[in-house]
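The values are calculated or read from the model by the stated rules, or taken from the named source; none is laboratory data. Note that this is a predicted model, so its numbers are computed, not measured. Note: ideal-geometry Cβ built from the backbone for every residue, glycine included; neighbour counts use all protein chains shown. Only protein heavy atoms, including side chains, enter the accessible area calculation; ligands, DNA and RNA are left aside. Shrake-Rupley method; radii C 1.70, N 1.55, O 1.52, S 1.80 Å.
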Amino acid sequence: MDELRLKLAVQKSGRLTDPSLDMLGRCGLKLSRGKDQLMGFGENMPLDVLFVRDDDIPDLVQEDVCDLGLVGLNVLEEKRLELRERGHAARFQQIRTLDFGRCRLSLAVPEGVTFEGASSIRGKRIATTYPYLLQKYLRERDISADIVTLSGAVEIAPRLGRADMICDLVSTGSTLQANHLREVETVMESHAVIIRTPLALPPEKDEWVERLMMRIDGVQQVKESKYIMLHAPRSALPEIRRLLPGSESPTIIPLEGFPDKVAIHAVCRENVFWETLESLKKAGASALLVLPVEKMLA
Ligand code: PRP
Ligand code: ZN
């Protein structure tokens with residue numbers, strides 16, 4: 001394996017897999033990956049993607065098997081607590097917060113079971129793959145309960161009689177629904193993050209980490225951004241600037257033959273809704289055009 005190629009660990013199959021690959025694609029990465037292969041080879045960047053279980057990602061980065069990891073904050077926090085319990089400090093560094101993979105670690109009870117807060121948790125058996133986060137939650141509330149640590153398929157534990165309730169990730173809620181479970185309390189909110197090894201990397205690799213992070217920032221910025229163009233009377237400028245959502249400094253261009261009118265071009269860092277366009281029109285704007293932004297580099 002080429003020592004100067006970056007290695008990034010990504011979830012093999014799960015909630016984060018598709019959005020992670022989608023983001024990397026938007027960053028310009030072309031991956032060649034055979035069926036069931038554990039590694040994707042970056043054809044146009046010195047970057048390879050390792051497909052692994054998400055729970056293994058913090059260790060792979062800590063142990064310098066991978067330089068970077070893309071993982072849920074939930075997995076990361078669980079690992080931090082586990083390491084702390086064993087008297088170790090986490091060695092991975094969190095370098096980016098990503099705008100996908102939003103979910104929550106929640107308590108859920110079987111449908112039809114009443115839930116009245118702490119008193120309904122006390123003394124119960126709770127199945128989870130996140131024992132440290134659950135333990136922290138219980139301790140902070142001074143609740144004693146029986147944590148049943150499983151390695152997967154937590155949602156079927158109540159039906160199998162192994163637990164009274166579960167503590168698991170909820171994103172769309174379809175897993176809970178399919179298993180006749182009801183979400184009752186949030187233990188932690190989560191989203192995807194990028195971690196890196198604390199080790200100094202060779203300059204060639206470090207430069208690519210920087211370039212990739214800059215591209216990720218750009219990709220995240222443009223997601224909601226729009227480029228808007230319109231004509232307006234000069235006198236309406238202050239009102240129109242006020243109405244443009246999330247734009248700092250619009251470009252004002254004179255219109256040949258119309259001394260009282262200007263063209264305004266602006267990047268809006270928020271989506272532009274029909275309501276905004278209608279308000280702009282009311283303020284005097286015409287020839288409105290809204291375009292998606294593909295790439296942005298500050
Ligand atoms: C989590 C969780 C559920 C699912 C919930 O799995 O374990 O299976 O997501 O999502 P939903 O509310 O949209 O149905 P994840 O992909 O994080 O991987 P895991 O198997 O490692 O837990
Ligand atoms: Zn997992």
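Brief remarks on what is shown
- Amide H contacts under 5 Å for residue 53, placed H, 5+ residues apart: 12
- Per residue, in Å², the accessible surface of the chain once ligands and nucleic acids are set aside, probe 1.4 Å: 54
- Taking all protein chains as shown and a probe of 1.4 angstrom, residue 164 keeps an accessible surface of around 60 Å².
- Taking amide hydrogens as placed 1.01 Å from N in the peptide plane, the amide H of residue 188 sits under 5 Å from those of 105, each at least 5 positions away in sequence or on another chain.
- Potential lengthening between residue 213 and residue 44 on full extension [0.36 nm per residue; Cα-Cα distance subtracted]: 59.2 nm
- With Cα atoms, 0 to 90° folded angle of helix 17-26 axis to the chain main axis: 30
- Distant-in-sequence amide H partners of residue 45 (H built 1.01 Å from N, under 5 Å): 30
- Contour excess over end-to-end distance, with Cα ends at residue 144 and residue 5 and 0.36 nm allotted per residue: 45.2 nm
- With 23 Å as the limit, the listed pairs 261/281; 7/79; 261/295; 223/281 have 261/295; 223/281 beyond it between alpha carbons.
- Accessible area of residue 240 (1.4 Å probe, protein heavy atoms only, ligands and nucleic acids ignored): about 0 Å².
- Solvent exposure of residue 248, expressed as accessible area, is near 140 Å², computed with a probe of 1.4 Å over the protein chains only.
- Here the convex hull built on the C-alpha positions of the stretch 19-137 has a volume of 157 cubic angstrom per residue.
- Largest-first ellipsoid semi-axes for the stretch 1-64, taking √(5λ) over the Cα gyration tensor eigenvalues, angstrom: 17, 16, 11
- On the beta carbon distance between residue 296 and residue 89, with R0 = 35 Å, the FRET formula returns roughly 0.45.
- The chain: C-alpha pair distances exceeding 30 Å, %: 51
- Sequence-distant contacts, meaning Cα pairs under 8 Å at least 6 residues apart, place the relative contact order of the chain at 18 percent.
- Three-way shape call for the stretch 103-189 based on the alpha-carbon gyration tensor, with the a/c threshold at 1.5: rounded
- In order through the stretch 81-94: 3J(HN,Hα) via Karplus (6.51 cos²θ - 1.76 cosθ + 1.60), integer Hz, x for Gly, Pro: 5, 4, 5, 4, 4, 8, x, 10, 9, 5, 9, 8, 10, 7
- Rg ratio for the stretch 226-292: its Cα radius of gyration over 2.2 N^0.38 Å, N being its residue count, equals 1.00.
- Pairwise Cα distances in the stretch 163-278 exceed 22 Å for 64 percent of all pairs.
- For the chain, the carbon plus sulfur part of the accessible surface works out to 50%, probe radius 1.4 Å.
- Under Karplus coefficients 6.51, -1.76 and 1.60, residue-wise ³J(HN,Hα) of the stretch 160-176 in Hz, glycine/proline x: 7, x, 8, 7, 8, 8, 10, 10, 8, 6, 10, 10, 7, x, 6, 5, 4
- HN-Hα J in Hz across the stretch 47-61 - Karplus 6.51, -1.76, 1.60, θ = phi - 60°, x for Gly and Pro: 9, 10, 10, 9, 9, 9, 5, 4, 5, 8, 4, x, 5, 4, 7
- Here residue 289 and residue 260 are evaluated by their C-beta separation; at R0 = 25 Å the FRET efficiency comes out at 0.75.
- Chain lengthening between residue 156 and residue 115 when straightened (0.36 nm per residue, less Cα-Cα): 12.9 nm
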